[in-house]
4 protein chains.
Amino acid sequence: MKKLKIGIIGVGRLGYEHACNIANRVPECELVAISDANIARAKEVGEELGVSAVYENPKDLCEDPNVEAVAIITNTASHVDMIKLAMDAGKHVFCEKPLAETVEKCLKAEEIIKAHPDLIFMLGFMRRFDHSYQIAKKKMENGDIGDVILVRCYSQDPISIIKGTLEYAPRSGGQFIDMSIHDFDLIRWLTGSEPKKLWAIGGCYEFKQYKDWDDGDNVSGLMQMENDAMAFFFAGRAAAHGSAVETEIVGTRGTLRISAVPTDSLLEVMSSHGVCRECYQDFISRWHQAYITEMEYFCNCVQNGIKPYPDVHDGTQATKIAFRCKESFLKNELLTLE
Amino acid sequence: MKKLKIGIIGVGRLGYEHACNIANRVPECELVAISDANIARAKEVGEELGVSAVYENPKDLCEDPNVEAVAIITNTASHVDMIKLAMDAGKHVFCEKPLAETVEKCLKAEEIIKAHPDLIFMLGFMRRFDHSYQIAKKKMENGDIGDVILVRCYSQDPISIIKGTLEYAPRSGGQFIDMSIHDFDLIRWLTGSEPKKLWAIGGCYEFKQYKDWDDGDNVSGLMQMENDAMAFFFAGRAAAHGSAVETEIVGTRGTLRISAVPTDSLLEVMSSHGVCRECYQDFISRWHQAYITEMEYFCNCVQNGIKPYPDVHDGTQATKIAFRCKESFLKNELLTLE
Amino acid sequence: MKKLKIGIIGVGRLGYEHACNIANRVPECELVAISDANIARAKEVGEELGVSAVYENPKDLCEDPNVEAVAIITNTASHVDMIKLAMDAGKHVFCEKPLAETVEKCLKAEEIIKAHPDLIFMLGFMRRFDHSYQIAKKKMENGDIGDVILVRCYSQDPISIIKGTLEYAPRSGGQFIDMSIHDFDLIRWLTGSEPKKLWAIGGCYEFKQYKDWDDGDNVSGLMQMENDAMAFFFAGRAAAHGSAVETEIVGTRGTLRISAVPTDSLLEVMSSHGVCRECYQDFISRWHQAYITEMEYFCNCVQNGIKPYPDVHDGTQATKIAFRCKESFLKNELLTLE
Amino acid sequence: MKKLKIGIIGVGRLGYEHACNIANRVPECELVAISDANIARAKEVGEELGVSAVYENPKDLCEDPNVEAVAIITNTASHVDMIKLAMDAGKHVFCEKPLAETVEKCLKAEEIIKAHPDLIFMLGFMRRFDHSYQIAKKKMENGDIGDVILVRCYSQDPISIIKGTLEYAPRSGGQFIDMSIHDFDLIRWLTGSEPKKLWAIGGCYEFKQYKDWDDGDNVSGLMQMENDAMAFFFAGRAAAHGSAVETEIVGTRGTLRISAVPTDSLLEVMSSHGVCRECYQDFISRWHQAYITEMEYFCNCVQNGIKPYPDVHDGTQATKIAFRCKESFLKNELLTLE
C-alpha cells in the first residue's frame, strides 16, 4: 500500500506530536509538508523530520500537489477556514478537536464538508482510539454489560502543570469547550444518544481567576439522554495525582471502568506512603498511542474510501452540548439541548 | 465501666445482627431484653443469646426497669412511635435509619427528643462508622485534601440477591428514601453543608416493575451545596459484581476514594478472567464492623454524657433531601431543598 | 450453648489481645481467670475485663475448678511447662505459637498431649484463620487452582516499629523461629506436604547487630516438598510500607495471592505520590479478626469434641523446619529436613 | 541525523516484529535489506515493508554495501555464525537473545566482537528497555529503595497459547535457557552482581512431556549473589491469567514491583467474577514498546559511538547461569556459578 502523503498545518506542542507520528510512527503515511504561522518553527521541525516543503501560508501547503491529505492542528478559531482551504484544494482532512469555537462555525464546517462528498473528513477526538476505550467499546458491542445505565466521565489536569494551565486558560475556551468536550463526545459515543436535558454547576474552588473568564476551575454536570441513559461529567484543573481522565460505563449486566489509576507504568512503589502507583503528568504521554492509532485509522479510511468517525456532525453535537452546559452553568438552570 | 443494659425492639434480619453485636461483640454493653411483633422469633433469639426478658409488646420492654437504653430496629413507619415509647419511659435511644417515612414524622421525632434533653438519641447511619470512612474523615479534618470540591456516592445492591430485593421493593420506601438516604447523610457529613439545588433522574433499565412504585431501578442526581461543593449520587439495584458502595471526595489538594473494589478479602484470584477481586454480596457483611463500632460509640456517649452524631436533625435533613430528590425525579425538574 | 470458661496465662501485648477477645468478642466463651508473672498487670487487666480470679502462679489458675480451658500466651520457653500444668489439671489448652524453642521440647509436648487423649489441644497459628486465607483454602479444596506448584511467603515487619523490633530481637528466637515459622506452617498447610530439601540464605543488609545473634535482618529460603511442590519464603524486619505478610499459591489451573497490598482499609489516597493504599503498621491489627476466629474455632472444638488443627504435631514440624533453615543459613548448605 | 540503514536476518514471528519496527516505528533507522532461509517469506515481508533487497543467503545481506547494521533474529544455534558474518563484513550488530546455545559459543562470540573493536554490538534483552523497568532502574539509581536485598522474578507463558508452547518446547532450549535467561539478565542488572551459589528445582506438574526434554513445565531457583543480594526466579508454561512477567526488587528503603497485573489496558471489568483486570496473552504485545525502545537505543549507540548494554558479556553470563541452573535442577544439588 502506498503511503498517504500528509501535510500538517500547525506544529505547536500537539502539532509537533502529530508531525512526529505522521513522519515516523504511522506506517501508513508520510509527512511531506509543514506550515506554521511561526515559519522558523516550521523550518526547525521540517529539518528534524526531513521535510523540505515548508510554508508560512497554509494555502500554499494546501495547494502543494504532493500533498494528498491535510492535518489541521492550529488554534480552534482557524479550524473552519483551514478545512475550507484544504478541501477546496481537493485534500482529505484530519482536524484536531474542537471543531470550532461556535456552533455556527461548526454548521459552516458541515456545509463545506457536504460540498466535497468525495473527500474524507475526520475529527480528532483521540480518546475513542485509546486501547482501553477500544476494548471497552468492543465489550459493549458484544453485549457484555447489557444496556447502558450511566456514563461517568472525569477529566482532570494535574497540579504539576498548573502554571501552564493558568496561562493557557484565558484563550482555551474554558472547561466546557476545551476540556469537557472530550467527555461530551465520549458520552454520545458510549450511550449512542443525545442529551435531552442537562444541568451544569461548579465554581472557583482554588483559582479565583477563572471567575474572570466566566468559568470555574472545577465543574460538573448531569445529563439525561434521549434514550434515558444518565451521564455525569466532572472536569478539574488541578488534580494532585496527575492527568486523570477516567470513564466508567455502568450497564445492566456489568460495569467497565477505564483508567481509575491513570498510569502507563506497571510499577508499584512500596514506600512510607503505602503501596503507590505514580500517574501521568501530561496529556500527550497519556494519549500518545491514541494519537498514532487515530492517524492510522484516518489513513486507512482515506486509502480504502471508508467514512471515518468521529465526523463533522460529532464535532457539532459536542460543541452544542458544551455551549449548553456553559449556559446552564452561568444561569444555574436546567436546560434542554436545543 | 458498667455495661450499658440494652433492650432491642425488632430482631428481623438487621435487628438480629444488632442483637448479636450488643450481646456478644460490643464490650461496652449487654443485651437484657428483646421485643418483636413475632414473639416466636423474639423467644428464639432470646434463647440463643441468653436473654430471658422477651416481650411481644414494645411498651413492656420500654418499661422494663432493667433496660437502660433501647435499640429500635423495626420497620420505618413505626420508628417515631417507638422513640416516643422509649423516651417517655426514660430510656436512651439508638434508632436505625431512616428516621421516618415522612418529613412530618421526622419533625415530630425532633420534638419528642427535644422534650427529653437528658436522654441520649442516636440515629444509625452506620457508614460514618466504617473504618475506611473514619480514616477518610480524619484526613479531611487534617487538611490533607484541602477544600471539598465534589463528593461522589454510589450505592448498588448486587444482582445475586435480586429476588429478595424485588420482594422488598414495594415496601422499601424506594431508591431515594431507602438506599440513597445513606448517601445523602454522607454528602452532608463530608461537605459540611446542605443542598441548595438538586436534580434527580433515572429509570427502569431492566426491572420495569419499579415504574409501578413510582421508582426507578437505577437513579442518580446532582446537587449544588450551600457552600458550592458539588455532589453526585447514583443508586442501583442489580450490580453484577456485588454490594457496591463507593464514595469519593475530590478536594483542592487531593482525592480520597473509598471502596472502589468492595471486598473484605485481601485475595486476588488469577484465572482465565484475569486478575480478579471478589466482592461483598450483602450489606450486612459489608458493614458488620461499622454496626459494632456505632454501637460502641452509642454506649460511650450514654456512659459519658456525650451528644452523639448522627442525631435526629441529621435524620430529618436526609429525609428532606430524599423526598426532594424523589419529587425532582418524578417531575424531572430542578428543585431547591426547601 | 454454655460459654466455655477460659483462664489465660500471660497478658502481655498479645496476651491482652486474646484476653479482650475471650472476654468480649468471642460469643462462645468467657474469661474467668487471669495469671501473669507481673501480678499488677494481671490485676489491672482483670479489673478492666471484670475478672476477679487473678493469680500470680499459673498453677493456681490451672487448678481453679471454674476454669475449663487454658489459653497460654507466655514466653515461648515456658510453653511446654504451662501445657503440662494445664493438662495435668484436666484443662483443655490453647497455646500461642511457636510451640517451643527447641525440637526436643516440642516432642515432649507431644508426649504430654498424647497422655491426655480426652483433652483438646490447639496451637495458635492464627494466619490459617484469617478470612482471606480461609477463602483461599476453600478455593483450593474446591479444585479452583488445580495442583499446587509453588507457594510463596513474605513476612515483613514495618520500619515504623523498628525500635521495638530491635529491642525484642535478641530474645525473639530469630527470623526463622520467630517470624518465618508462620510461613513454614502455611507452606505445610497449603502444599499438604513436608519439605524434602531446603536452602536458606540472607544477611544483615542494614542492621548489622543481627550478626551478633547468628541471624540476618532479611532472610529467604527455597524448599522442595515431598510432593514436589516448591516453596519460597522471605522474611524481613524493616519494610518501608508496613506490616507485610503476603502469600501466593501458584497452581496448575490458577493462582491465588493474599495481601499483596496489606491493608484493612478500602481507602485509596490520590496525592502527589500517585494513587496510594496505606498499609498495616502492626501485626495485631493485621490479625485481629483471625485471633477472634481461631478462638471461636477452639471453643467450638472443645464444645463439640472435635480435634482441632493446627495441632501439636504441626508445631513440631514447623519448629523442625525453622531449625533446619537456620542451620542451612549458618552453614550455607543444602539440607534435607531430617 | 541520517537514518541508520539496517538489514535484518530472520523474519519469523519475532523477526517480523523487529522488521516492522525498524521500517516503520523507529525514527532513527530504516530497513534496507531482508534475509531469511525461507526466501518466499523474506520476499513477502519485503513487499509489505517496501524493501527490495531480499536475500536467501545471509552472507549476501551482510555484504550489501547499503547495509550499515545487521539485526540477527534467527534461531539461537546460528547466532554466533551470523555475528561473525556481519562483523567480518564490517557491520554493526544487534542480536536477539539468547546469545548462543552453549557457553563455549558465547565465548567465541566474545572473541569475534573483541576482534572488531570499532563495531557496535548489542544483545537484545528487551526487558531492560520496558518503560516500567526503566523507571524502576532510575528509582534504584536515585537511591529511592536503598540497597537491594531481594530480586524476585516470575516468567510465565499463558495457558491460552499452550499448543504453540508445547510444539516449540523440544527445540526451545528449555525453561532455563529459553525463558528464565531473561530473568538471569534482570537479576544481574538489578543486583549489579553475579551469582555465588544457586539451587534450582521444579518438575512436570501438568505436562509430563517436559520430562523427555530433561526439563520441567514449572521451575524455580534461589541464588545468593556475590554482594549477598538474594534472587528468586520462577518460570512456568501455563499461567491461567496470561503472559505474566513480574519482577520485584526489595530494598532496604522500599520495594518496587513491576507488572503484578500484566496488562496494557487501563480497563477494569466489574462482572460476576468480581472486579477484574484482563491480561496480556502473548509476549510480543507485552514487550512491543520495549522492542522499539531497544532499537532506538541501538541506533543511538551506533550513531554516537556509545558502547551499548546488554553486551556480549551479559549474554555469556546469563547463559552460564542458565546452564548451571539446569545442572542444579538435574542433579538437585547446590552449585557455585563456576
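Overview of results
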read-out: Residues of region C:64-95 satisfying the condition of being over 16 Å from C:Gly10 (Cβ atoms) and touching a strand residue (DSSP E or B) at 6+ places or on another chain (Cβ under 7 Å); value: C:Asn66, C:Glu68, C:Met87, C:His92
read-out: Residue list for region A:253-292, restricted to those being more than 8 Å from chain D (Cβ to nearest Cβ) and on the phi > 0 side of the Ramachandran plot; value: A:Gly274
read-out: Count of residues meeting criterion [open to solvent by 10 Å² or more (accessible area, probe 1.4 Å), in a loop (DSSP other than H, G, I, E, B) and either more than 9 Å from every other protein chain (Cβ to nearest Cβ) or closer than 30 Å to D:Cys153 by Cα (or both)] in region A:216-240; value: 2
read-out: Condition broken by B:Asp144, with the remaining ones in (1) touching a residue at least 24 places away in the same chain (Cβ under 8 Å); (2) within 14 Å of another protein chain (Cβ to nearest Cβ); (3) out of contact with any Gly (no Cβ under 7 Å at 6 or more places or on another chain); (4) not hydrophobic (A, V, I, L, M, F, W, C) satisfied; value: (3)
read-out: Qualifying position, being aromatic (Phe, Trp, Tyr), away from every other protein chain (no Cβ under 14 Å) and either in contact (Cβ under 8 Å) with a residue 12 or more places away in the chain or farther than 14 Å from B:Phe298 by Cβ (or both), among B:Tyr55, B:Tyr16; value: B:Tyr55
read-out: Of residues in region B:184-214 being open to solvent by 10 Å² or more (accessible area, probe 1.4 Å) and among the acidic types (Asp, Glu), the one nearest to the other protein chains (Cβ to nearest Cβ); value: B:Glu206
read-out: Selection status of D:Glu294, more than 23 Å from the chain's Cα centre (by Cα) and of a type outside the set (S, T, N, Q); value: no
read-out: Enumeration of residues in region D:255-277 that are open to solvent by 30 Å² or more (accessible area, probe 1.4 Å), in contact (Cβ under 8 Å) with a residue 12 or more places away in the chain and not in a strand (DSSP E or B); value: D:Val261, D:Asp264
read-out: Filter pass, A:Ile9 being away from chain D (no Cβ under 14 Å) and in contact (Cβ under 8 Å) with a residue 60 or more places away in the chain; value: yes
read-out: Subset of region A:96-111 that is open to solvent by 20 Å² or more (accessible area, probe 1.4 Å) and in a helix (DSSP H, G or I) - its residue that is nearest to A:Asn300 (Cα to Cα); value: A:Glu110
read-out: Test set (1) surrounded by 22 or more Cβ atoms within 10 Å (Cβ to Cβ); (2) touching a Ser or Thr at 6+ places or on another chain (Cβ under 7 Å) - A:Phe176 fails condition number; value: (2)
read-out: Which numbered condition C:Cys301 fails, given (1) more than 12 Å from chain B (Cβ to nearest Cβ); (2) crowded, with 21+ Cβ neighbours inside 10 Å; value: (2)
read-out: Qualifying residue in region A:22-34 (condition: open to solvent by less than 10 Å² (accessible area, probe 1.4 Å) and within 21 Å of A:Tyr168 (Cβ to Cβ)); value: no
read-out: Hits in region B:128-141 - residues which are within 12 Å of another protein chain (Cβ to nearest Cβ) and part of a helix (DSSP H, G or I); value: B:His131, B:Ser132, B:Tyr133, B:Gln134, B:Ile135, B:Ala136, B:Lys137, B:Lys138, B:Lys139, B:Met140
read-out: Some residue of region D:33-45 being farther than 30 Å from D:Val103 by Cα, touching a Phe, Trp or Tyr at 6+ places or on another chain (Cβ under 9 Å) and within 14 Å of chain A (Cβ to nearest Cβ); value: yes
read-out: Boolean, A:Ile292 is of a type in the set (A, V, I, L, M, F, W, C) and in a loop (DSSP other than H, G, I, E, B); value: no
read-out: Which listed residue is among the polar types (S, T, N, Q) and crowded, with 22+ Cβ neighbours inside 10 Å, from A:Thr293, A:Thr319; value: A:Thr319
read-out: Candidate set from region C:143-164 (those that are open to solvent by 10 Å² or more (accessible area, probe 1.4 Å) and under 18 Å from the mean Cα position of the chain (by Cα)); member that is farthest from D:Phe207 (Cα to Cα); value: C:Asp157
read-out: Qualifying residue in region A:172-193 (condition: in contact with a Gly (Cβ under 8 Å, 6 or more places away or on another chain) and not in a helix (DSSP H, G or I)); value: no
read-out: Evaluation of A:Lys307 against (1) in contact with a strand residue (DSSP E or B) (Cβ under 6 Å, 6 or more places away or on another chain); (2) part of a loop (DSSP other than H, G, I, E, B) (one fails), failing number; value: (1)
read-out: Region C:54-76: number of residues that are buried (at least 18 other Cβ atoms within 10 Å of the Cβ) and either in contact with a helix residue (DSSP H, G or I) (Cβ under 7 Å, 6 or more places away or on another chain) or among the hydrophobic types (A, V, I, L, M, F, W, C) (or both); value: 12
read-out: Filter result (assigned to a helix (DSSP H, G or I) and either in contact with a Cys (Cβ under 9 Å, 6 or more places away or on another chain) or open to solvent by less than 20 Å² (accessible area, probe 1.4 Å) (or both)) within region A:113-127; value: A:Met126, A:Arg127
read-out: Selected residue [part of a loop (DSSP other than H, G, I, E, B), out of contact with any Cys (no Cβ under 8 Å at 6 or more places or on another chain) and open to solvent by less than 50 Å² (accessible area, probe 1.4 Å)] from D:Gly46, D:Gly90; value: D:Gly90
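The values are calculated or read from the model by the stated rules, or taken from the named source; none is laboratory data. Owing to the predicted nature of the structure, the values given are computational and were not obtained by experimental measurement. All Cβ positions, glycine included, derive from the backbone under ideal geometry; neighbour counts span all protein chains shown. Ligands, DNA and RNA are excluded from the accessible area calculation, which covers all protein heavy atoms including side chains. Shrake-Rupley method; radii C 1.70, N 1.55, O 1.52, S 1.80 Å.
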